[in-house]
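Okay, so here's the structure we're looking at.
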Amino acid sequence: MSLLQVQSISKAFGGVQAVQNVSFTLRAGELLALIGPNGAGKSTTFNMVGGQLAPDSGSVLLEGQNIAGLPARAIWRKGVGRTFQIAQTFASLSVLENVQMALLSHDRRVFAWWPRASSHRREHALALLDQVGMAAQAGSPCSELAYGDVKRVEIAMALAHDPKLLLMDEPTAGMAPGERVALMQLARSLAKARQMGVLFTEHSMDVVFGQADRVAVLVRGQLLTEGTPQAIRDDARVQQAYLGTGLVLEQQS
């Protein structure tokens, strides 16, 4: 059975049908990229999976349990982590304290954190930072980090909940090409090691074709096609859908 099964979800805003009968699956340990031209319905679909929006119809099954329409925090409690297009960290806290705060939230102790945050599950927090390559900067304030490193801290914070599914919304936005590839290589290695599914939206085709196991393409709120990166790159319908968008569907070196 697939980790995630999205079945015929739809969402309208007034008279505008933003998403219509979209279905796809995601297996444990797999990276699925959700792509499409601007206005294709990617964000709406993504937010219905994460609980920020409730679908008008259809279902979102996590290990067979329908989570569609549940509040985002309830979905998080069921094992769905998320990172955001703009990294969500506490700039004034240290790298280590950010992860400790995430662990406090996981342990339902977020309202009793002061002054215990600095000692709460310190070794576990350091282990999570080691997994994302940030243990050496544990004592640094997040405000002093390069943006790519902030994104790594955000991933460590998401891992504090030991998610089955990680949602990554435009994870490499604002990053240089080398940083983009390195971040998604990290996400890929974590997914394989933890057998964690990763669903991500992305505009950078080098990231999509270089790191995703499969790609789902949305156009005008509907699923155009789904397949391996090579199959998507070679699909004439996908090439047509992207004409005029400034995106080039080419093999990346």
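Every number here is computed from the coordinates shown, using simple stated rules; none is lab data. From a predicted model like this one, the values you see are computed outputs, not experimental measurements. When we count neighbours, we look across all protein chains shown, and the Cβ atoms used for this are built from the backbone with ideal geometry, even at glycine.
Counting Lys and Arg as +1 and Asp and Glu as -1, what is the net charge of the other residues whose Cβ lies under 13 Å from the Cβ of LYS11?
0
Suppose the chain between SER57 and ALA193 were pulled fully straight at 0.36 nm per residue; how much longer would it get relative to their current alpha carbon spacing?
Full-extension gain reported as 45.5 nm.
Counting other C-beta atoms within 10 Å, which of THR45, THR172 has the fewest, and how do the rest follow? Please list the in-between numbers first.
Working: THR45 29, THR172 25.
If I rank by nearby Cβ atoms, fewest first, I get THR172, THR45.
Given C-alpha coordinates of region 73-221, what is the ratio Rg to Rh with the Kirkwood estimate of Rh?
Working: Rg = 15.3 Å, Rh = 15.7 Å.
For region 73-221, the value is 0.97.
Check the straight Cα-Cα distances from LYS11 and name the lysines below 29 Å, setting aside those fewer than 8 residues away within the same chain.
Of all the lysines, those that pass the test against LYS11 - Cα under 29 Å, at least 8 places apart if same chain - are LYS42, LYS78, LYS164.
Quick check on the chain: of the DSSP beta bridges with both residues there, what percent are antiparallel, nearest 5%? Spell out each step's value before the answer.
Details: 20 of 37 bridges.
Here the share of antiparallel DSSP bridges comes out near 55 percent.
Just how large is the dipole of the chain about the Cα centre, in debye to the nearest 20, putting +1 at every Lys and Arg Cβ and -1 at every Asp and Glu Cβ?
Once rounded to the nearest 20, the dipole reads 660 debye.
Starting at 0 and stepping by 5 Å, how many percent of the alpha carbon pairs of the chain end up in each bin?
1, 6, 14, 17, 18, 16, 12, 8, 5, 2, 0, 0
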